[in-house]
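The values are calculated or read from the model by the stated rules, or taken from the named source; none is laboratory data. Everything numeric in this text was worked out from a predicted model, so none of it was measured. Heads up, the Cβs are rebuilt from the backbone with ideal geometry, glycines too, and the neighbour counts pull from every protein chain shown.
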Amino acid sequence: MNDGSANEPRAARLHFIPRAIRRPQSALVNALRGYFSRAPGWVLLTTTGRRTGLERETLLPCARSDREIIVISTYGWRSDWIRNLRKNPSVTVTRDGAVVAGRAEVVEDPARKREIVSAHPFFPPAPFRIVSALALSVFGPLTTALLRRWVSPRPVVVIHI
């Protein structure tokens, strides 16, 4: 298992930002829960805190199918949600307005990560229907190529539901 020290993404150095805005982001998610619980391209992931044992909820962009949800850790191994699910891969996700149980699989093999994002491309910085549609249709080959490169230093998580 990767310890996160080697080959981490540059964004990992910016992990202090989501920690600093945790409370305002949580307030925003709670205020717009109805939207985020149904919006395509979003998932509310609930993990068990690795130290506290308390439930921890995170809003993440994703690619979804009937049986799987694919998410990528922008901040690599420093993300609290990724460290939580590494300790306990049992999770719940809120998608399409329903809460469902799942089991998270952290994918570290570079070839398998590229295969997953090639089969299920999504545009993490813009998980809105119209932007995603453009990113995956008009700019599809470019988006997929960039995503395949972007995932190299990051863990890809497949949540089996």
Selection within region 35-62 - under 21 Å from Ser118 (Cβ atoms) and over 9 Å from the mean Cα position of the chain (by Cα): Pro40, Gly41
Qualifying position, being surrounded by fewer than 13 Cβ atoms within 10 Å (Cβ to Cβ) and within 29 Å of Glu115 (Cβ to Cβ), among Asp96, Asp80: Asp96
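Residues checked against (1) in contact with a Lys or Arg (Cβ under 7 Å, 6 or more places away or on another chain); (2) farther than 20 Å from Pro40 by Cβ; (3) at pLDDT 85 or above; (4) not hydroxyl-bearing (Ser, Thr, Tyr):
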{"position": "Cys62", "(1), (2), (3), (4)": "no, no, yes, yes"}
{"position": "Ile70", "(1), (2), (3), (4)": "no, no, yes, yes"}
{"position": "Gly76", "(1), (2), (3), (4)": "yes, yes, yes, yes"}
{"position": "Thr94", "(1), (2), (3), (4)": "no, no, yes, no"}
{"position": "Ala133", "(1), (2), (3), (4)": "no, no, no, yes"}
{"position": "Gly140", "(1), (2), (3), (4)": "no, no, no, yes"}
{"position": "Arg154", "(1), (2), (3), (4)": "no, yes, yes, yes"}
{"position": "Val158", "(1), (2), (3), (4)": "no, no, yes, yes"}
Subset tally (residues that are out of contact with any helix residue (DSSP H, G or I) (no Cβ under 7 Å at 6 or more places or on another chain), surrounded by 13 or more Cβ atoms within 10 Å (Cβ to Cβ) and outside any loop (DSSP other than H, G, I, E, B)) for region 32-68: 9
Number of positions in region 65-79 that are closer than 14 Å to Ala104 by Cβ and of a type in the set (D, E, K, R): 2
Residue check for Val29: part of a strand (DSSP E or B), crowded, with 17+ Cβ neighbours inside 10 Å and in contact (Cβ under 8 Å) with a residue 12 or more places away in the chain: no
Qualifying residue in region 122-129 (condition: at pLDDT below 85, in a helix (DSSP H, G or I) and farther than 12 Å from Val157 by Cα): yes
